[in-house]
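Novice: Please find one structure pasted underneath; my questions will follow.
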Amino acid sequence: MKPTWKTYPYIIILILGSILCLLQEVIASEGDRHKVHRNLLRACLNQNCSTPEQLNHFHGDQPLVLWMLGWDCKHECRYLSMWTTVSHLIREGTPISSIPQFYGKWPFIRILGVQEPASVIFSIANGFAQVFNIFQLRKKVPNTAPMYYVGLAQGMIAVNAWIWSTVFHSRDLAWTEKMDYYCAYSLVLSGLTATLLRIFAVRDNGMNMKVAVGIAAVTSLFYLRHVCFLALIRFDYGYNMKVNITTAILNFILIVAWSLWNIKQQPYLWKAIASVVTINLCLLLEVLDFPPLWWTFDAHSLWHASTIPIAFLYSSYFIDDCLYLDNAKIKFRKEA
Ligand SMILES: [Zn+2]
């Protein structure tokens, strides 16, 4: 059977479900349980991190940039032991494709203490893309357009999310990971909120503020509830992933169905469809999880790279739509 746009959401569920399984697998890593790694780590900790004198010596010798990025003695030992274990495995004949993960991550070559340099560079690029899109919106769209401030808010939420992605990929610590997850969900949910506002709150004469405030209140409260649950009750990766997937699928279905319904009158809506379809296709990169190329570019970093052009496509749709709405509003007021 040939897949149609109606079956696409089910394909996405399947793909995202696979990602969830992979993520669960990743949490328990083979590399840090390897005998060589365990022995190296124990020796390193005993020699460098077990007495106050040793720790003083460690801090005295440590480059400032590593200290600033929070590389303590234990994490430094883990990093050095990981690479010695990888070298040992390669010498033993283990193919690169079979090198295991360590502590839930592939071995990455750090640069100036930055743990995942490729993901950091692509997160920064995504952040700049969003800043550029905010400026484009301000330049091209009058602030009287019904979705103008929604676009600005969405852009700022995205910039914030990419800042925290940069922080997390620079240094994976419990709190940076949590901030990345909370802000990533704010980005996903802001996309759904913008779609709901566009479909249900915008009228010919502008935004219906009662409906808009209602939608914004519901999604904001849901966001607060989600973050409070993760922060105060349980930081549950599976639950967080399910909430993200459900939100993304709902947004996907709404935006594709609404765009197809209106594409005759608003031909630019192909950009909305193309951006949500490509973003879901690019998620395949996460499924194709593989050891980093040159110990730098893993599937996750390529996923972050792939969202840069999509941000421009989505922004182009959003600007076209704002201009369309502004014209429709002016026309409605003239006729009224
Ligand atoms: Zn990331």
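The values are calculated or read from the model by the stated rules, or taken from the named source; none is laboratory data. Keep in mind the model is a prediction, meaning the values are calculated, not measured. With ideal geometry, Cβ positions are generated from the backbone for all residues, glycine too; neighbour counts draw on all protein chains shown.
Novice: Looking at this structure, is Y237 within 16 Å of the ligand (Cβ to nearest atom) and at pLDDT below 90? So that I can check it myself, show each step before the final result.
Specialist: Working: within 16 Å of the ligand (Cβ to nearest atom): yes; at pLDDT below 90: yes.
So Y237 fits the description; yes.
Novice: Among (1) farther than 14 Å from S301 by Cβ; (2) within 11 Å of the ligand (Cβ to nearest atom); (3) buried (at least 18 other Cβ atoms within 10 Å of the Cβ); (4) not aromatic (F, W, Y), there is one condition A184 misses while meeting the rest; what is its number?
Specialist: Going through the list (1) farther than 14 Å from S301 by Cβ; (2) within 11 Å of the ligand (Cβ to nearest atom); (3) buried (at least 18 other Cβ atoms within 10 Å of the Cβ); (4) not aromatic (F, W, Y), A184 breaks only (3).
Yes or no, residue by residue, for (1) more than 25 Å from N133 (Cα to Cα); (2) surrounded by fewer than 19 Cβ atoms within 10 Å (Cβ to Cβ); (3) outside the structural domain of V131 (by TED's automatic domain parsing); (4) within 16 Å of the ligand (Cβ to nearest atom):
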| site | (1), (2), (3), (4) |
| --- | --- |
| V276 | no, no, no, no |
| V287 | yes, yes, no, yes |
| D298 | yes, no, no, yes |
| L323 | no, yes, no, no |
| I330 | no, yes, no, no |
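Novice: On the given criteria, is A118 in contact with a strand residue (DSSP E or B) (Cβ under 7 Å, 6 or more places away or on another chain) and either surrounded by fewer than 19 Cβ atoms within 10 Å (Cβ to Cβ) or assigned by TED's automatic domain parsing to the domain that holds Q266 (or both)?
Specialist: So A118 passes the test.
Novice: Inside the stretch 66-179, counting only helices (runs of 4 or more DSSP H) that do not spill past its ends, which hold 3 or more residues that are within 13 Å of the ligand (Cβ to nearest atom) and among the aliphatic types (A, V, I, L, M)? Walk me through it before giving the result.
Specialist: On the way: elements: 73-91, 117-140, 148-170.
Output list reads 117-140, 148-170.
Novice: Of the residues in the stretch 221-243, how many are in contact (Cβ under 8 Å) with a residue 12 or more places away in the chain and part of a helix (DSSP H, G or I)?
Specialist: Number of matching residues: 12.
Novice: Moving on. Give me a count of the residues in the stretch 90-106 that are in contact (Cβ under 8 Å) with a residue 12 or more places away in the chain and surrounded by 13 or more Cβ atoms within 10 Å (Cβ to Cβ).
Specialist: 9
Novice: Could you say whether any residue in the stretch 131-145 is crowded, with 20+ Cβ neighbours inside 10 Å and under 20 Å from the mean Cα position of the chain (by Cα)?
Specialist: Looking through the stretch 131-145, at least one residue is crowded, with 20+ Cβ neighbours inside 10 Å and under 20 Å from the mean Cα position of the chain (by Cα).
Novice: Turning to a different aspect of this structure: Is it true that L173 is of a type outside the set (D, E, K, R) and either under 30 Å from K105 (Cβ atoms) or touching a Ser or Thr at 6+ places or on another chain (Cβ under 6 Å) (or both)?
Specialist: yes
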